[in-house]
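First comes the structure, then the notes that go with it.
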Amino acid sequence: MFGVDVGGTFTDVVAIRDGRVEVTKVPSSRVDPAGSVVEGARRLGVAGSPVFNHASTMGLNAVLERRLPKIAFLTTEGFRDILDRGTIHRPLDAQTDPAWRRTFGDAARPLVPRYLRRGIRERKTARGETLFPLDETQARHELEILRRTNVEGVAICLINAYVDPEHELRLRELVHEVLPGVEVSISSQTSPLAREYERASTTVIDVIMKLLFDDYAKQLDRELGELGFAGQLNFADCAANLLPWEEALERPFRILFAGPAAGTVSSGHLGQVIGRRNILCADVGGTSTDVSIIVDGKPFVQNTFEIEHDLIINALSTEVSSVGAGGGSLVTVSASGGIAVGPGSAGAEPGPACYGRGGTQPTVTDAVLLMGVLDPHGFAGGEFELDAGAAEAAFLALDTPVPFEERIRTTYRLAVAHMAEEILNVAVRHGVDIRDFSLMAYGAAGGMLLPAALELLPLREVVVPPNPGLFSAIGLLSTDQVYYESESAYVVFGPDSVEEIAAVYERMEASLRARLGEAAAGLPVRRSFDGRLVGQSWEIPFVQLPDGPITADSLAGVIAAFHDAYEARNGNRFDAFPVEGVTYRVEIVVPAEKVDYRPAPETAPFPAAPEGTLTLRHVAAEPIQAEWFSREALTTGATVTGPAVIRERLSTTYIPPGQQAVVGRVGEIIITGGAQ
Amino acid sequence: MVSDCHTFAEDSKEKPVQTFPRPSEERLYVERRAIDASCPECGGADIRAYRVLSEGGWWDAEKCQDCLASLSRVPAPALGSYVPLGTTVPAVSALASERR
């Protein structure tokens, strides 16, 4: 099985054969992005693999950096600025700032320049009636202008097209006629949901992603085939669910943001194997730490996703919060002369000072090296030596009265504190008791920094999974294929609306089964809806419907389930208020082959045999002696008492004084002690 | 810029007090000055320069009249065409500067 995580700097390729993990890193290429993936597949031998699961930040980076193809946006006359105005929400820190502008607005960096946003004379009402017929002459005139500007794609989002797509379908025909060969996305097929701004921005992203990924996916499929790969090429979506590549390209806005969700899925899968259902997930990278949550075995999935403030996509996505603290976070001097950590990062180039690639500013990694936790000779699998002298010089160069020892100790503590704060924020936002949760610490620096969070947070434990540096890529091999359809209709739930609601679900289920064909045979359809109390503007998402036909009785149960979900989210309930459905969803899960954790037999704890001792500096007032262990040599039941360091090829785990670690049945390191 | 004025003549049936003639234009338009250039986006030759009000305030723009692409767009004075008298009389603006 192959999992590939294409990042901005490196492409991580992971292959799992007979439970053995092989990995290679290939520099990502902007000129030939598929080439990097194929090179990784060639190195590890992709022939015979049943699946090749792929996640990429290529689309997201292109949107963030505005390296976009030239596209046009067609909407109802008078509405062409919906893309510019967004939802009108301002971030909290810009409430009183008159100079604040949306990052995607006309005064900043619009996704579609204003002259390529054209109004079309037509109008459907919210009930789907034709208020003004489509003016084809005027539409052709606008399309002629677009033809002269050489646009590569066209996004169409007409007002109320989610109720009746007639005008959008006809306009698409006209585009094909006047602009042959140009990619088109229409909102009534891309995201047929209420609220025109979100529908419009989703449709624009969709056509951009079509242009970015169409040739890429075809090249990937062809070249992997030439290497002997005959299995299924899947793309991961924003919730790390898998989609066959042809299906993904039908509505590619769903694959915009796949990487971070994969770590959450990986945590859920491992959690299931080791019996943990409540998990806080923290992926410590070079620049940031991504935090997500799994409650009762389920990741927290949301029905929209924000690329930048107010730039919203109607995609099911795993909720991930980020804080600017990671291994490469820069250490600076604050205005008061103290030590500050992040949010700036040294990135991959030049990287921390100790990498010896020209970086002169100290980072968290430099501090941990000077503490003695990192092995200067075995970093990143021994690919390069770390230069402790350069790290020391970088810390000495800081213009601060803080003593040298304290600079390093404070750097380490502040980095951990920033991460712990974000972990606590996520827990508080979800109203959970942190004492019931395990913290899954992954990313190459997760095990190095996060066990110390136990001293700040009363977590149940910290779990460092096997291969923490590759855990997100392994997540692509821990998930299923998920197909879904969604539709919007404002319907007040009650005995009179049973038929209308049932018809919506029947229509979507028939469409989904027709799309999947034989693959869906015998598989159940999961139904859910996003609803609200009548008069509200915001919905409670993913209220589940029971299996079986929708009747007056079952609808009463659904209404009760809505009030339960409302209470779980908001802490109060209003049973007397009627419930209004807004978005309806059907979903079919097709099981995919997953990474197979094979638990070893339960073993009584025994002290692990150290490989040697080392000296830890700047941890306490005086240097302290600690044992170090090789992770490869640690077997189930082995216990380690802190202070200790556990080293493996691509990662290091540091167990601070006062903590204990035990190796679990699939090789995970479970760390306790501290503030519990 | 073409000027316009309202005289209240029809309302009051009195003789207008203004000394300039009533404008003949039905609507007020910004003058669009022709520019000798062609549009890099659509190849159009009708390029005009004029002031527009958009997100971020007033802009002096040079736009293609066929596709409306902006060939150039630079911030214009914040108050648009209105120029406070104090900034046009040297003695007054010098005095204001001294007081600041």
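The values are calculated or read from the model by the stated rules, or taken from the named source; none is laboratory data. The shown structure was predicted, so the numbers you read here are calculated from the model rather than taken from an experiment. In this analysis, Cβ positions are derived from the backbone assuming ideal geometry, glycine residues included, and neighbour counts consider all displayed protein chains. With ligands, DNA and RNA removed, areas are computed over all heavy atoms of the protein, side chains included. Shrake-Rupley method; radii C 1.70, N 1.55, O 1.52, S 1.80 Å.
Table for the structure above
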{"quantity": "Segment A:388-447 - convex hull of alpha carbons, volume per residue in Å³", "calculated": "120 Å³"}
{"quantity": "Accessible area of segment B:30-99 divided out per residue, in Å², using a probe of 1.4 angstrom", "calculated": "63 Å²"}
{"quantity": "Chain A: relative contact order as a whole-number percent, Cα under 8 Å and 6+ apart", "calculated": "12 percent"}
{"quantity": "Projected area, mean over directions - segment A:171-309, Cα convex hull, nm²", "calculated": "11.8 nm²"}
{"quantity": "Integer Hz, Karplus 6.51/-1.76/1.60 couplings in order for segment B:51-57, x for Gly and Pro", "calculated": "9, 10, 9, 9, 4, x, x"}
{"quantity": "Other-chain or far-sequence residues with amide H under 5 Å of A:Ala592's (modelled H)", "calculated": "A:Gln481"}
{"quantity": "A:Arg43-A:Asp564 pseudo-label distance in nm [points 7 Å out on the Cα-to-Cβ vector]", "calculated": "5.0 nm"}
{"quantity": "Spin-label pair A:Ala397/B:Ile35, simplified geometry with 7 Å Cα→Cβ offset, distance in nm", "calculated": "4.6 nm"}
{"quantity": "Solvent-accessible area buried by pairing B with A, both sides, nearest 100 square angstrom, 1.4 angstrom probe", "calculated": "900 Å²"}
{"quantity": "Distance histogram in 10 Å bins (all Cα pairs of segment A:544-676, percent per bin)", "calculated": "10, 25, 15, 11, 19, 15, 5, 0"}
{"quantity": "Relative contact order (percent, whole number), segment A:251-384, Cα cutoff 8 Å, 6+ residue spacing", "calculated": "17 percent"}
{"quantity": "Long-range amide H partners of B:Glu55 with built H, under 5 Å", "calculated": "none"}
{"quantity": "For A:Arg649, net neighbour charge (Lys/Arg +1, Asp/Glu -1) across residues whose Cβ lies under 9 Å away", "calculated": "0"}
{"quantity": "Heavy-atom accessible surface of segment B:30-99: percent carbon and sulfur, 1.4 Å", "calculated": "56 percent"}
{"quantity": "At most 16 other Cβ within 10 Å, DSSP loop - chymotrypsin sites (Phe, Trp or Tyr not before Pro), segment A:44-153", "calculated": "A:Trp100"}
{"quantity": "Exceeding the 30 Å Cα-Cα cut-off - candidates A:Lys70/B:Lys63; A:Lys218/A:Lys594; A:Lys210/A:Lys594; A:Lys124/A:Lys218; A:Lys70/A:Lys124; A:Lys124/B:Lys63", "calculated": "A:Lys124/A:Lys218; A:Lys124/B:Lys63"}
{"quantity": "Compactness of the protein assembly as shown, expressed as Rg and Dmax over alpha-carbon positions, Å", "calculated": "30.5, 109"}
{"quantity": "Those trypsin sites (Lys or Arg not before Pro) in segment A:47-144 that DSSP places in a loop and that have at most 12 other beta carbons within 10 Å", "calculated": "A:Arg66, A:Arg67, A:Arg127"}
{"quantity": "Interface residues in segment A:109-155 - accessible area drops by 50 Å² or more relative to the isolated chain, probe 1.4 Å", "calculated": "A:Tyr115, A:Arg148"}
{"quantity": "Low-density loop positions, GluC sites (Glu not before Pro), segment A:207-265 - DSSP coil, at most 16 other Cβ in 10 Å", "calculated": "A:Glu250"}
{"quantity": "Residues losing 10 Å² or more accessible surface upon assembly, segment B:37-57, compared with the chain by itself, 1.4 Å", "calculated": "B:Glu41, B:Cys42, B:Ser54, B:Glu55, B:Gly56"}
{"quantity": "Angle between chain A longest axis and helix A:498-516 axis [Cα atoms, degrees, rounded to 10]", "calculated": "70 degrees"}
{"quantity": "Pairwise centroid distance, computed over Cα atoms, of segment A:417-486 with segment A:541-569, Å", "calculated": "31 Å"}
{"quantity": "Relative contact order computed over segment B:30-99 (Cα-Cα under 8 Å; 6+ residues apart), in percent", "calculated": "21 percent"}
{"quantity": "Accessible area expressed per residue, segment A:1-148, with surrounding protein chains retained (probe 1.4 Å, Å²)", "calculated": "46 Å²"}
{"quantity": "Note, ³J(HN,Hα) from phi for segment A:97-110, Karplus 6.51, -1.76, 1.60, rounded to Hz, x at Gly and Pro", "calculated": "9, x, 8, 5, 9, 5, 5, 9, x, 5, 7, 10, 10, x"}
{"quantity": "Mean accessible surface per residue for segment A:611-676, computed with a 1.4 Å probe while every protein chain stays in place, in Å²", "calculated": "40 Å²"}
{"quantity": "Built amide H within the under 5 Å cut-off of A:Arg251, gap 5+", "calculated": "none"}
{"quantity": "The protein assembly as shown: calculated mean residue ellipticity at 222 nm from DSSP helix runs of at least 4, using -39500 (n - 2.57)", "calculated": "-8500 deg cm²/dmol"}
{"quantity": "Value of Rg/Rh across segment A:33-131 [Cα atoms, Kirkwood radius]", "calculated": "1.18"}
{"quantity": "Two-decimal log10 I(q)/I(0) for segment A:117-250, as the Debye equation yields it once each C-alpha is a single scatterer, q = 0.12, 0.13, 0.14, 0.17 Å⁻¹", "calculated": "-0.55, -0.63, -0.71, -0.94"}
{"quantity": "Estimated translational D of segment B:30-99 in µm²/s (Stokes, Kirkwood radius over Cα pairs; 37 °C; 0.692 mPa s)", "calculated": "235 µm²/s"}
{"quantity": "Carbon and sulfur %, accessible surface of chain A computed with the full protein complex present, 1.4 Å", "calculated": "52 percent"}
{"quantity": "Karplus-derived 3J(HN,Hα), 6.51/-1.76/1.60, for each residue of segment A:593-603, Hz, glycine and proline x", "calculated": "5, 10, 5, 10, 7, 10, x, 7, x, 4, 10"}
{"quantity": "Longest to shortest principal axis, alpha-carbon extents of segment A:441-549, angstrom", "calculated": "58, 41, 21"}
